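Worksheet for the structure shown next.
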Amino acid sequence: MHLFLQWQVDRMFQLKYERLDFLDSQKHLYRKEAGGVVCFEGRVRNHNNNRQVKQLNYEAFDEMAISEGNKILSEAFEKFQIIEALALHRVGELQVEETAIWVGISAAHREPAFLACQYIVDQIKMRVPIWKKEFYVDGDSDWVKCLACQEKGLPHSKHEHFHHQQKSK
């Protein structure tokens, strides 16, 4: 029973409506058997596509985002030899320099920690129903294009599809 509860805590994807306190979350990664701890912090930058960004707004389909985020973490445990994995993603209004996403991994060795971290970040960006709207210094705003949609030639304003569905052959 204890192992199951620990498993649920360790493989946790969370949406946060306040500033991310990832320093507290990072403590959950430290284990005696973990020789490699990798953390990724994705921050709001002041530019995108040659435009000056003032702030961002993230919107999410909370229930589906949490479910899909936890699936991604479970997949990472299956694909890589990792010990712990946590992912936090902000929702709501974020200013330049604020943290939008934080992912932390621990593993016995550095390679699986790095690979799992990259996998989780990439999959969250492609599959989790979180949408980003940029607000620019000139007063304009726009929804940021989804890379998975762009690759498939879909308009970026359409997000009714699921990214995790396999492409038809």
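What the table below lists for this structure:
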| quantity | calculated |
| --- | --- |
| Residue pairs meeting the criteria (Cβ under 6 Å; at least 6 apart or on separate chains; first more than 16 Å from Lys79 (Cα to Cα), in region 112-135; second of a type in the set (Phe, Trp, Tyr) and outside any strand (DSSP E or B)) | Pro129/Phe61 |
| Single match in Val144, Val121 (criterion: modelled with pLDDT of 95 or more and closer than 24 Å to Tyr17 by Cβ) | Val121 |
| Search result, residues across region 1-37 that are over 21 Å from the mean Cα position of the chain (by Cα) and at pLDDT 90 or above | Arg31, Lys32, Glu33, Ala34, Gly35 |
| Among residues of region 38-76, those that are in a strand (DSSP E or B), within 16 Å of the chain's Cα centre (by Cα) and aliphatic (A, V, I, L, M), counted | 3 |
| Count of region 86-99 residues which are in contact (Cβ under 8 Å) with a residue 60 or more places away in the chain and surrounded by fewer than 21 Cβ atoms within 10 Å (Cβ to Cβ) | 4 |
| Residue in region 72-85 that is touching a Ser or Thr at 6+ places or on another chain (Cβ under 6 Å) and buried (at least 16 other Cβ atoms within 10 Å of the Cβ) present | yes |
| Members of region 91-134 that are part of a strand (DSSP E or B), within 14 Å of Phe40 (Cα to Cα) and not hydroxyl-bearing (Ser, Thr, Tyr) | Ala100, Ile101, Trp102, Val103, Gly104, Ile105 |
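The values are calculated or read from the model by the stated rules, or taken from the named source; none is laboratory data. Bear in mind that the values here come from a model prediction, so they are computed numbers and not experimental data. Using ideal geometry, Cβ is built from the backbone for each residue, glycine included, and neighbour counts are taken over all protein chains shown.
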